[in-house]
Amino acid sequence: MSTPGEYYRSLPPVSKTYGVGCFMFAAALYFELYDPWNIALDYGLVIKRFQVWRLVTNFFFLGPFSFPFAFDLIMIARYGVALERGPFDKRTADFMWMLMFGALSLLAMAAVPYLWSPFMGTSVVFMIVYVWSREFPNSPVNIAGVVSFKGFYVPYVMLTLDLMFGDPLKPDIMGMVAGHLYYFLTVLHPLSGGKFTLKTPLWVHKLVAFWGQGIQVNSPVERNPQAGVAFRGRSFRLNGSTRTSSPVQPQTSSGTTTTTQQADGVAFRGTGRRLNDP
């Protein structure tokens with residue numbers, strides 16, 4: 001059994017980053033470091049006061065620490081990780097674009113006053129679940145070992161549970177619409193002979209390459225070679241001199257190598273002989 005640290009390091013980058021971001025927002029709220037309405041989606045403040053961060057931060061808010069928050073986080077760890085390790089394996093840029101496309105679709109729907117919601121993190125989670133259900137329609141799923149069904153019905157079962165618990169259904173339905181729109185444009189429409197295919201934009205490939213996390217096969221952009229490097233520079237010896245190259249050792253005509261005098265700190269000085277010397 002792996003330790004929590006090993007499990008954390010084994011998670012794929014995009015799902016891990018999104019899950020950690022949601023957890024950090026909830027932790028900051030627990031310590032009362034911010035007011036939730038300062039990160040909520042408000043098109044009036046975005047346009048009039050140029051508070052553009054609201055277009056992003058609302059997707060990382062899953063509510064305060066509670067059972068619904070834990071349930072959403074488990075959904076990310078279960079279905080988001082399964083997608084990133086399955087159909088999106090070695091396709092980090094494509095998986096990131098799926099989340100971005102879903103967020104853009106939700107922002108477009110939220111422009112309609114009736115569909116507006118201040119926080120749409122739950123809708124993103126439901127989108128992930130919906131796409132998983134289409135990618136793994138025959139995967140067996142059970143609830144508490146009592147009810148078993150196929151993976152295709154997971155979003156509808158969760159929708160029914162929210163209805164029974166009295167939770168709002170609008171965020172769930174919006175997430176399903178965003179997920180179906182993505183799946184239709186990337187899978188169903190091309191399979192039916194459609195010419196239009198939703199492809200990952202070049203700037204997303206560049207973003208992932210600059211990030212330096214994950215793998216994208218057939219990426220049009222090379223990965224940033226300096227990603228993840230904390231420091232690059234020249235090395236110095238303890239006595240303060242800089243070493244840029246190794247000293248050249250001249251050879252005599254008899255094949256004996258003589259060692260030049262070097263600065264202090266050299267562990268051995270002497271005359272080297274070739275193995276075939278008499």
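Numerical summary
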| quantity | calculated |
| --- | --- |
| Long-range HN-HN contacts of residue 200 with modeled amide H, under 5 Å | none |
| Difference of contour (0.36 nm per residue) and Cα-Cα distance, residue 2 to residue 35 | 8.2 nm |
| Where 39, 74 fall by accessible area, highest first, once all protein chains stay in place (1.4 Å) | 74, 39 |
| Residue-level accessible surface for residue 76, protein heavy atoms, 1.4 Å, Å² | 10 Å² |
| Cβ-based net charge around residue 209, under 15 Å, with every Lys or Arg adding one and every Asp or Glu removing one | +2 |
| Label-point gap, in nm, between residue 56 and residue 85 - each point 7 angstrom along Cα→Cβ | 2.9 nm |
| With DNA, RNA and ligands ignored, accessible area of residue 146 (1.4 Å probe; Å², nearest 10) | 120 Å² |
| Set 16/206; 150/170; 16/90; 90/206; 170/195 screened for pairs whose C-alpha atoms are more than 26 Å apart | 170/195 |
| Solvent accessible area, Å² - residue 30, 1.4 Å probe, full protein context | 150 Å² |
| Total formal charge among the other residues, if their Cβ is under 14 angstrom from that of residue 173, Lys/Arg +1 and Asp/Glu -1 | -2 |
| Translational diffusion coefficient (Stokes-Einstein; Kirkwood radius from C-alpha pairs) of region 4-211 at 20 °C, 1.002 mPa s, in µm²/s | 119 µm²/s |
| Residue 47-residue 112 pseudo-label distance in nm [points 7 Å out on the Cα-to-Cβ vector] | 1.8 nm |
| By accessible area with a 1.4 Å probe, ligands and nucleic acids excluded, highest first: order of 23, 152 | 23, 152 |
| Calculated Rg and Dmax of region 37-93 using C-alpha coordinates, Å | 15.5, 43 |
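The values are calculated or read from the model by the stated rules, or taken from the named source; none is laboratory data. What you see is a predicted model, and the numbers here were worked out from it, not measured in a lab. Every residue, glycine among them, receives a Cβ derived from its backbone with ideal geometry; neighbour counts consider all protein chains shown. Please note that ligands, DNA and RNA were not included when accessible areas were found on the heavy atoms of the full protein model with its side chains. Shrake-Rupley method; radii C 1.70, N 1.55, O 1.52, S 1.80 Å.
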